[in-house]
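Inspection log for the structure reproduced underneath, given as structure tokens.
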Amino acid sequence: MIVADKKPVEEIIEFIKEDKKILILGCNECVTVCEAGGKKEVGILASTLRMYFLNQGKDVKIDEITLERQCDHEYLEEIRDVADTYNAIVSLACGVGVQFMAEKYNSTPIYPGVNTCFLGATEHRGLWTERCQACGNCMLAITGGICPVSRCAKRILNGPCGGSSKGKCEINSELDCAWQLIIDRLKALDRLEDYEKICPIKDWSTDRAGGPRKVVREDVQI
Amino acid sequence: MSVKTPSNLEKILSAGHLAVTSECGPPRGSDPEAVIEKANLIKDHVDVVNVTDNQTSVTRMSSLAACIHLKLMGVEPVLQMVTRDKNRIALQSEILGAASFDIFNMLCLSGDHQSFGDCPQGQNVHDLDSMQLIQTVRMMRDEGKFLGGADIKRPPKLFVGAAANPFADPFEIRVPRLAKKIACGAEFIQTQCIYNVDKFEEWMKLVCDRGLHEQTYILAGVTPLKSAGMAKFMKNRVPGMDVPDDVIKRMAGTPKEKQPEEGINICIETIERLKSVEGVKGFHIMAIEWEEKVPGIVERAGLYPRPKID
């Protein structure tokens, strides 16, 4: 899933402090799972802002809506009738949702309420970690199912570097060395001899390097 | 191994001499004298001088520019190049630039992570990794082609090296990793600083068991310790460094004013012991901001005068 983290409320206040009618718009997907932008967080942010404006002696109306998704036209259409009535919308969706909103509701200012961080997984409640950088050319088949692109601090495809120490990365003694994990996994699979296969120079044109990407599937288009 | 480049380092190694290399870190400024002074301290006692590439991710004068200063004063440089800061266009371009000044040696590295340096908020590149950089420069030299497939007019003539750290983890893949670098085309290897000689010997034995010592020239890395504090810092704070407790004890048990001398003694003893280790073809003496000590170390280790080969 896409993992996001809450923006500091002070930063959000800076966006909207002059507005009179504000919508806090949550998303029921990834940001709900990572507890950054679901219905619960919409409620908390709305309450915080109401208190802020009250303290400022300002009469500001703050509404709360949480959509099923902010990255699909049909769900965004649900606020078609009301979107224009707000001076500002704070979207707690990932950067995709914020942008999709902005494209759809051209005349209403949309502000991000979260920082979109990475594609990751829930290790346990309150801890999410990165697993994928969407390079567009998955190489997990040759690295024992552990991704060096997203999990090695240097994206080294023929690792580990000389900084791997006791299974940890040189940049942080709490961060697993991806290549230690790869080697451990190859060993568990009885495929350690695969370690000596040289990973060729990668085609990064499917990564962000190739410019904004799209997936076109004519077979499923209506 | 037959000689493939005009590199003095390659010639000395090929002739069967123990090679001596050292290094010179470019300054945090644009004064060429800083490079020239360091090189003057060591030039008569070493075969070639490595020039580091923004080591520890701290911004410095470019390695290529400093190499050119050395070349112009008649000292043969080893251009160090890390994959952290340049994509494949810039790496190939830099290789051509070096070749245009008849720089004949290059060391391919990934480089420390930028979080250690003065620009922790910067991007890193790592379009290629160090092994792929070895492959790239060998292709440019041997096939005369760019990565894109086009022919190179006057291909580079670079003797290609890589680093090896026998002390990093996991130990079991440290020899296979060397084998990969050799398979990619590494013709010489400069190792991480050796303080744990027992562990280095264990690694070298495995290297020799696989016959890898006959496929590349391995130069053992040494760094004289200036103080007990430096020994502890290296042990605890430098990634991938193995400083055994007995070395730290020996330094700490020496009066402070005698510690620099003791550090040099340890360095010379290490070289003497490594001379008899099968597969060691020379020494890479990294006297960090202590270049003036290199001549004495080389002389006392019995590695002076340096051979002259035409």
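Assorted remarks:
- Radius ratio Rg over Rh of the stretch A:30-187, counting only Cα atoms, Kirkwood formula for Rh: 1.12
- Three principal axis lengths of the stretch B:51-110 [C-alpha, angstrom, descending]: 29, 22, 15
- Global size of the protein assembly as shown as Cα Rg and Dmax, reported in angstrom: 28.2, 88
- Taking every residue in B:227-238 and counting other chain Cβ atoms within 10 Å of its Cβ, the average works out to 0.
- Mean-position separation - Cα centroids, the stretch B:50-104 and the stretch A:32-94, in angstrom: 54 Å
- Averaged over residues, the count of other Cβ atoms within 10 Å places the peptides B:202-210, B:173-181 in the sequence B:173-181, B:202-210, highest first.
- Burial ranking of peptide ranges B:34-43, A:170-179 (average Cβ count within 10 Å, highest at the top): B:34-43, A:170-179
- Of A:Lys6/A:Lys202; B:Lys4/B:Lys153; A:Lys166/B:Lys258; B:Lys4/B:Lys281; A:Lys197/B:Lys145; B:Lys275/B:Lys308, those spanning more than 27 Å from alpha-carbon to alpha-carbon: A:Lys6/A:Lys202; A:Lys166/B:Lys258
- Under the Debye formula (equal points on every Cα, no solvent term), log10 I(q)/I(0) of chain B at q = 0.07, 0.14, 0.16 Å⁻¹: -0.25, -1.10, -1.49
- Calculated P(r) tail over 17 Å for the stretch A:5-84, as whole % of Cα pairs: 48 percent
- For the stretch A:135-210, the fraction of alpha-carbon pairs lying more than 22 Å apart is 23 percent, rounded to a whole number.
- Theoretical ellipticity at 222 nm over chain B - DSSP helices of four or more residues, -39500 (n - 2.57) apiece, nearest 500: -11000 deg cm²/dmol
- Shape of the stretch B:1-99, Cα gyration tensor, a/c cut at 1.5: oblate
- Here's the list of aspartates and glutamates a cross-link from A:Lys39 could span, going by alpha-carbon distance under 17 Å and ignoring same-chain residues fewer than 8 apart: A:Asp5, A:Glu29, A:Asp63, A:Glu64, A:Glu68, A:Glu78.
- Look at B:Val280, A:Val220 and count the other Cβ atoms within 10 Å of each Cβ; fewest to most, that gives A:Val220, B:Val280.
- Relative contact order for chain A, counting Cα pairs under 8 Å that sit 6 or more residues apart, in percent: 17 percent
No lab work stands behind these numbers, since they all come straight from the coordinates. Computed from a predicted model, the values in this text were never measured in an experiment. Cβ coordinates were reconstructed from backbone atoms using ideal geometry, including for glycine residues, and neighbour counts include every protein chain displayed.
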